[in-house]
Every structure is written in structure tokens, then in C-alpha cells.
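Read-outs: derived from the displayed coordinates by stated rules, not from any lab. Since we're looking at a predicted model, the values are computed, not measured. A quick note on method: Cβ atoms are made from the backbone with ideal geometry, for glycine too, and the neighbour counts reach across all protein chains shown.
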Amino acid sequence: MIAYRSLRVALLGGGSVGSQVARLLIEHGPELAQRVGAELELVGIAVRDVDAKRDVDLPRELYTTDAETLILGADVVVELIGGLEPARTLVLQALRSGADVVTANKALLATHGPELFEAAEQVGAQLSYEAAVAGAIPIIRPLRESLAGDRVKRILGIVNGTTNFILDRMDTSGADLDDALAVATELGYAEADPTADIGGYDAAQKAAILASLAFHTTVPIESVHREGITSVTAAQIESARKAGYVVKLLAICERLTDPDTGEEGVSARVYPALVDRRHPLAAVHGANNAVFVEAEAAGSLMFYGAGAGGVETASAVLGDLVAVARRHVVGGPGLAESTHASLPVLEIGKVITRYAVTIEVTDEPGVLATVARIFADHEVSVEQLEQSVSAAGTATLVIGTHHARESALAETVTALEASPVVSQIASVLRVEGA
């Protein structure tokens, strides 16, 4: 029988993901040792309350409230606390002690990523975070390594399972947002306070991480344009269905040319968008996630699967853990982040895409000409127009545009709102994925 050296693993956090990581480490220990070439010894689990009730039955002696001592005796630290503090302080302490770190903390990476990567690079440690963006879906390593020699042009991501479940239910059942959210909460997909999900905050953090990786550029979370799904209505969903689209909350990371300077930049943004039902992302149902990558040489790639869940996310954490443990066995410094491109992050007004604008107007002669002139005055070209007339003397216009600049579209909407022929701007949605 082969005798393996031992690597000490400290786990910070004993929640749904942490408990599953601990269970799998214990149950699959011999098999993991064969893959790594070293035994992965779980030396402790740092928690706030050692007596709290947990889903997984683990030896009580593993639990401790002394995270700092646990960190200082570890070769690898797995951080699954979440949030910014004390996670930031503990991860920095681990890295500065020379330990490798595996984390699933998207908020921490989106907010303090550059500081953490610099700390890791200074001591040759490894900071890995496959589980931070899309749960079990492998997307970080493909961007970080497999596509490092390619030129990523665009990423379209459904990276929040809660909002995808809500929008999918609205699309398939005709439910409104509140009813769909209630079902998501009942099934455990939505938290008691769903703001981070339906407000787009969770997806924005993931967009910052993906954009930084894909474009080798630091993209701060404050530079990510964010809109949630709180204003999406059942009427918009129905209108989209009739037109051959589905509404999805997308995290979009895109390499762009600045229309003002002609220089290359990047955009990171999150908002509900219309996706053609023939696009692969339209077939992502329920609480699943998917990331669609468009690269210059590799072409179109899609990564699909479970974006959350304790055991699913634990799979990604353990993948990182095996990889960093192998580095301890074979030697060599950790893999540093590549952010040397330093491309500017462009504001949302410089983004160019297509739009679907739904407006209520008075049903009288000359209205179409007035509306068309407003679009033309702001250099937004109309591609198609559908009109329906109600018995109340009003008409609904659904106007699809050619590609236009976001700032021009915003000025068009402002002018429409000020026009006496327009009763209401019912909906403005971008069209993505074409």
C-alpha cells in the first residue's frame, strides 16, 4: 500500500456548501489521495457556533471558533464563509502565511480581488475560485487557462439561478413576478430577502469576475452596469413570446470599440434582455445556469449546468482543492492572475445593441410619423414596427431598432416621454445574443 504525505486542509464555514465539502473530503479521502499523491487531512472547520444544527453529521471535534489558529496550521484554506468580512481578513492571513486558498466567495473577489491576487503572488501562493461564478459549472478554469491564448469577444451568462427560475416560470405559466417569486421562495431557490438576486447584485459580482478573466483587465464591481428584474412584467414576457423571444437576466461581458475615440475597451453589464428562442441560452430552464462564450479562434462555446446547491458547488470547490494540492506535491509557484491588458471599462452609454421599445400612443393621424421622426432625430434606426389598436382610442406600438448606441436610445426615450402623442413608455428591453 502506498504511503502518502499529508496536506492539512482548514475549512472556514460549515454551511450547506462547507458541510458537503467536509463530508466528501472524509468519504472520498482515499480516492482523492490517489489523485493528488498526498492525503488531504481535514484538520478543522471554523464556525461561529460549534453547537448549531447542521444538515450533515460530522465529528464534533472538527468544529472550532478559532479560525486564525486553524489557518496558521494549514497548507490549504477553503473559505466558504461568504460576505466581505471577516472573509477578507482571514483569506489575506492565509495567503500571507503561504497557504493556498480555495474560495467560492463572489462578493469578496468582485470587491477585493486585486488585493487578494497581489497577496497571493507576493508569496507564490495559489488563489482558486471555480465555485464563485456558476456553482458546479467549470467556467473559471477554461477562461483562466484553456482560452488564455485566444481572444474572447463576448460572454453572455445566465449566472443567477433564482432569477432564471422566476423568469422561466413567468414565461411557461404566465405568472406575474410576485407569484413566481413566491414559488421560488417556497422551493428554496430564493432567500427570505431576495434583493441580491432579483436586484441583479449577485449577477453583477459574477460579471466583474468573468470580465476581468476574459479580458485580462481589472473590472471593478462599481464599473458594472446593473439592472434587476423587478420591473419585468407578465405583459413583457407575453409580448416577447409572441415575437419569438424569451426574457433572461444576462451578465454580459464584451470587448468593444469606444465609439468616441476608436480605442478598444470592455463592457460589463447586467440587465433583463430579449433572447431569440433559437439561441442556446433560451433553452436554459429552471434554476440552471449557463455561460455562452464567443472567442475569435475557438468560436462559440456554452457551459451549462447547476449554478448553485450545496453538493453541486462542493464539486467545484473540491476540483480546485485537488488542483492546488497537486501543486504542493509537484512544486512550483501558484498561477498568477493575468490583468496586464489594462483595457478601459466603458460606460453603459457607449454600448451598441438592438432594442425593443413598447409605447402607448393616441390613435390619430400623424402619430406614426411623429414617433418615427423622434427616433430619426436621435439617430436610432427603426427596423420593424407592430401596431395594435384598442377600443379606448389608443394604440400600442412595438418598435424594434437596428443596432444603436445606448446613449442615443436613452435620449430617444426621453423625447418620447415628452411627446404629447405618447401616453406611456410601457417597456424598453435590449435584444442580445444575435
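Assorted remarks:
- Computed E for residue 241/residue 341 - FRET, C-beta separation, R0 41 angstrom, nearest 0.05: 0.55
- Ranked packing of 355-363, 174-182, 7-15, most packed first, by mean Cβ within 10 Å: 7-15, 355-363, 174-182
- Just checking the listed ones, 394, 218, 261: in the Gaussian network model of the chain with Cα springs under 10 Å, the one fluctuating most is 261.
- Cβ charges +1 (Lys, Arg) and -1 (Asp, Glu), total dipole of the chain, debye: 960
- Computed lengthening from residue 146 to residue 402, 0.36 nm per intervening residue step minus Cα-Cα distance: 88.7 nm
- Two-site FRET efficiency, residue 51 against residue 89, from Cβ-Cβ distance with R₀ of 30 Å, rounded to 0.05: 0.75
- If you take the Cα centroid of the range 11-27 and the Cα centroid of the range 389-434, the two points sit 50 Å apart.
- In this simple spin-label approximation, residue 260 and residue 178 carry label points 7 Å from Cα along the Cα→Cβ vector, and these lie 4.2 nm apart.
- Extension gain, residue 423 back to residue 384 (0.36 nm per residue minus Cα-Cα distance, nm): 12.0 nm
- Here the average projected area of the convex hull drawn through the C-alpha atoms of the chain stands at 22.9 nm².
- Net charge contributed by nearby residues that have their C-beta within less than 14 Å of residue 378 (K/R +1, D/E -1): -3
- Value of relative contact order over the chain, rounded to a whole percent, pairs C-alpha under 8 Å and six or more apart: 16
- Looking at the chain, the DSSP beta bridges with both ends there are about 70 percent antiparallel.
- If R0 is taken as 25 Å, the Cβ-Cβ distance between residue 43 and residue 122 corresponds to a FRET efficiency of 0.50.
- Estimated vicinal HN-Hα couplings, Hz - the range 282-287 in sequence order (Karplus 6.51, -1.76, 1.60; Gly, Pro = x): 5, 8, 8, 10, x, 8
- Distance between the range 86-126 and the range 168-187 - C-alpha centres, whole angstrom: 38
- Virtual spin-label span in nm between residue 362 and residue 115, 7 Å along Cα→Cβ: 5.8
- The average projected area of the range 304-410, computed from the convex hull of its Cα atoms over all directions, is 13.1 nm².
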